[in-house]
Amino acid sequence: MNKDWLDYLQSQGAQPIHTDIGATLDFPDSDACDSDKTCLYPVTHLDIIEAKGADAATFLQGQLTCDTNDITPSQSRFAAFCNPKGRVISPMLILRAADQDNTFYLLVPTTLTEKIIQRLSLYILRADVSLTLRSDAYCLTGLTLPEPSMLPIPLPDKRFETSCHNTLSVIRLPGHNPRYLIIGNTHASIDFWKRCSNTPHTRASSALWRYLDLSAGLPWFEADQSEQYIPQMLNIDKLDGISFNKGCYTGQEIVARTHYLGKSKREMFLAECHKPANLKAGLTVGDKNKPDMSGKVLAWQSVNDKTRLLLVMPSELNQSDTLVLEAPPSEKLTIIPFE
């Protein structure tokens with residue numbers, strides 16, 4: 001996050017808070033994010049990597065699970081970057097620059113940025129493509145609003161559809177309630193926040209935005225969960241983030257084999273609980289009535305006294321009403337639908 005953007009957010013009342021899953025920005029004096037108000041969120045858990053060059057599309061096609069031919073200035077894609085064994089190094093959301101044919105932006109978890117650039121760079125060889133961290137030049141804003149027509153910018157209707165307005169790109173995210181991720185340079189992002197002052201609005205924490213992301217089934221995990229799961233275990237196929245018709249890519253053999261032999265034995269679920277003191281990703285979850293089955297915590301986020309967790313576990317455990325977090329003291333988990 002660049003200094004001018006951070007300075008502006010702090011002038012609006014934002015306070016940095018350091019947690020065990022990264023830094024967030026909170027607005028302690030803001031009203032609750034009610035359904036009748038436009039809500040703005042600074043997004044701090046994602047970085048922006050620019051992939052640029054004449055071979056950028058071809059290069060990404062050979063590394064990511066999605067079909068880069070489907071990515072246009074009006075259509076973004078969720079995807080996974082895998083190792084040769086088909087394990088997800090990182091999930092990512094990819095959009096194409098509206099004004100530059102050979103430029104893509106990869107939105108990735110901040111704790112994985114350095115690893116992603118390092119691992120992708122191994123495959124560049126003689127390709128005309130450069131990878132550059134661009135979080136100093138572009139800002140990310142989360143947006144929820146009761147009525148899209150309340151804002152003077154075009155808003156997309158379908159999942160991962162993208163619209164552009166001057167130097168802002170707006171991506172419609174999954175979820176029952178409309179949510180949008182807005183990407184722009186510092187000047188355009190600050191101007192957007194100022195223009196929203198003409199509508200009833202409130203500023204909400206970046207922790208709440210990540211909470212909403214996880215609740216919608218976006219598998220944003222941190223560095224300690226990298227290279228542990230194949231994409232289907234993270235429901236990336238359900239996000240249309242895997243193409244089974246394009247050519248080869250790193251890890252494709254394992255991902256395709258899982259698809260054609262039947263669905264993965266494990267998948268991702270959303271659970272809820274009160275926050276235990278020792279909660280962390282990687283903890284085991286299980287059912288005392290089914291001792292031969294267990295799962296893992298992929299990611300979690302707490303807001304006030306409520307915690308949402310993404311769990312990777314056998315599908316049968318989805319029906320369990322005695323699912324617990326196996327870390328003392330045991331905490332009962334309730335599986336809930338994605339929102």
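The values are calculated or read from the model by the stated rules, or taken from the named source; none is laboratory data. Since we're looking at a predicted model, the values are computed, not measured. Every residue, glycine as well, gets a Cβ built from its backbone with ideal geometry; the counts of neighbours run over all protein chains shown.
Is one or more of the residues making up segment 271-294 within 24 Å of the chain's Cα centre (by Cα) and of a type in the set (Lys, Arg)?
The answer is yes, given that some residue of segment 271-294 is within 24 Å of the chain's Cα centre (by Cα) and of a type in the set (Lys, Arg).
Tell me which residues, restricted to segment 270-286, are without any contact (Cβ under 8 Å) to a residue 12 or more places away in the chain and either assigned to a strand (DSSP E or B) or within 9 Å of Leu325 (Cβ to Cβ) (or both).
Once the filter is applied, which keeps residues that are without any contact (Cβ under 8 Å) to a residue 12 or more places away in the chain and either assigned to a strand (DSSP E or B) or within 9 Å of Leu325 (Cβ to Cβ) (or both), segment 270-286 yields nothing.
So which residues in segment 253-268 are out of contact with any strand residue (DSSP E or B) (no Cβ under 6 Å at 6 or more places or on another chain), of a type in the set (A, V, I, L, M) and either closer than 18 Å to Leu239 by Cα or without any contact (Cβ under 8 Å) to a residue 12 or more places away in the chain (or both)?
Val255, Ala256, Leu261
Please specify each residue of segment 268-306 satisfying the condition of being charged (D, E, K, R) and surrounded by 20 or more Cβ atoms within 10 Å (Cβ to Cβ).
Of everything in segment 268-306, just one residue is charged (D, E, K, R) and surrounded by 20 or more Cβ atoms within 10 Å (Cβ to Cβ), namely Asp287.
From the list Leu95, Leu125, Leu143, Leu131, which residue is at pLDDT below 95 and in a strand (DSSP E or B)?
Unique residue meeting the criteria: Leu143.
Could you please give the count of residues in segment 187-223 that are assigned to a helix (DSSP H, G or I), within 21 Å of the chain's Cα centre (by Cα) and farther than 19 Å from Ile236 by Cβ?
6
Please identify the pairs in which a residue from segment 56-78 that is more than 16 Å from Leu120 (Cα to Cα) has its Cβ atom under 8 Å from the Cβ atom of a residue that is buried (at least 20 other Cβ atoms within 10 Å of the Cβ) and of a type in the set (Phe, Trp, Tyr), counting only partners at least 6 apart or on another chain.
These pairs meet every condition: Ile71/Phe104; Gln75/Phe160; Ser76/Phe160; Arg77/Phe160; Phe78/Phe160.
Could you pull out the residue among Ile117, Ile183, Ile153, Ile171 that is surrounded by 15 or more Cβ atoms within 10 Å (Cβ to Cβ), in the same structural domain as Asp4 (by TED's automatic domain parsing) and in a loop (DSSP other than H, G, I, E, B)? Please lay out each step first, then the result.
On the way: Ile117 fails: in a loop (DSSP other than H, G, I, E, B); Ile183 fails: in a loop (DSSP other than H, G, I, E, B); Ile171 fails: in a loop (DSSP other than H, G, I, E, B).
Answer to the selection: Ile153.
Hey, among the residues in segment 4-61 that are aromatic (Phe, Trp, Tyr) and more than 20 Å from the chain's Cα centre (by Cα), which one's nearest to Lys246 (Cα to Cα)?
Only one residue tops the list, namely Phe59.
Within segment 239-267, restricting attention to residues that are β-branched (Val, Ile, Thr) and part of a loop (DSSP other than H, G, I, E, B), which residue is surrounded by the fewest Cβ atoms within 10 Å (Cβ to Cβ)?
Filtering segment 239-267 for residues that are β-branched (Val, Ile, Thr) and part of a loop (DSSP other than H, G, I, E, B), the one surrounded by the fewest Cβ atoms within 10 Å (Cβ to Cβ) comes out as Thr250.
Of a type in the set (Gly, Ala, Ser) and in contact with a Ser or Thr (Cβ under 8 Å, 6 or more places away or on another chain): which single residue out of Ser121, Ser163, Ser130 fits that description? Break it down into steps so the answer makes sense when it comes.
On the way: Ser121 fails: in contact with a Ser or Thr (Cβ under 8 Å, 6 or more places away or on another chain); Ser130 fails: in contact with a Ser or Thr (Cβ under 8 Å, 6 or more places away or on another chain).
Only one candidate qualifies: Ser163.
Going by the conditions given, is Asn83 more than 24 Å from Ala223 (Cβ to Cβ) and in contact (Cβ under 8 Å) with a residue 24 or more places away in the chain?
Taking the combined requirement at face value, the residue does not satisfy it.
Could you please let me know if Lys52 is in contact (Cβ under 8 Å) with a residue 40 or more places away in the chain and either outside the structural domain of Asp99 (by TED's automatic domain parsing) or in contact with a His (Cβ under 9 Å, 6 or more places away or on another chain) (or both)? Working first, answer last.
On the way: in contact (Cβ under 8 Å) with a residue 40 or more places away in the chain: yes; either outside the structural domain of Asp99 (by TED's automatic domain parsing) or in contact with a His (Cβ under 9 Å, 6 or more places away or on another chain) (or both): no.
Against the criterion (in contact (Cβ under 8 Å) with a residue 40 or more places away in the chain and either outside the structural domain of Asp99 (by TED's automatic domain parsing) or in contact with a His (Cβ under 9 Å, 6 or more places away or on another chain) (or both)), Lys52 does not qualify.
For segment 58-67, state whether one or more residues are closer than 22 Å to Leu168 by Cα and not hydrophobic (A, V, I, L, M, F, W, C).
Scanning segment 58-67 turns up no residue that is closer than 22 Å to Leu168 by Cα and not hydrophobic (A, V, I, L, M, F, W, C).
Go through segment 227-238 and give me each residue that's over 13 Å from the mean Cα position of the chain (by Cα) and either part of a loop (DSSP other than H, G, I, E, B) or without any contact (Cβ under 8 Å) to a residue 60 or more places away in the chain (or both).
Glu227, Gln228, Tyr229, Ile230, Gln232, Asp237, Lys238, listed by residue number.
Can you tell me which condition Asp224 does not meet? The list is (1) among the charged types (D, E, K, R); (2) closer than 25 Å to Glu339 by Cβ; (3) in contact (Cβ under 8 Å) with a residue 24 or more places away in the chain, and all the others hold.
So Asp224 meets the others, but not (2).
Within segment 157-166, is there a residue that is under 20 Å from the mean Cα position of the chain (by Cα), surrounded by 21 or more Cβ atoms within 10 Å (Cβ to Cβ), closer than 23 Å to Tyr105 by Cβ and not charged (D, E, K, R)?
Scanning segment 157-166 turns up at least one residue that is under 20 Å from the mean Cα position of the chain (by Cα), surrounded by 21 or more Cβ atoms within 10 Å (Cβ to Cβ), closer than 23 Å to Tyr105 by Cβ and not charged (D, E, K, R).
So, of the residues in segment 43-58 that are of a type outside the set (D, E, K, R) and more than 17 Å from Arg134 (Cβ to Cβ), which turns out to be surrounded by the most Cβ atoms within 10 Å (Cβ to Cβ)?
The selected residue is Ala57.
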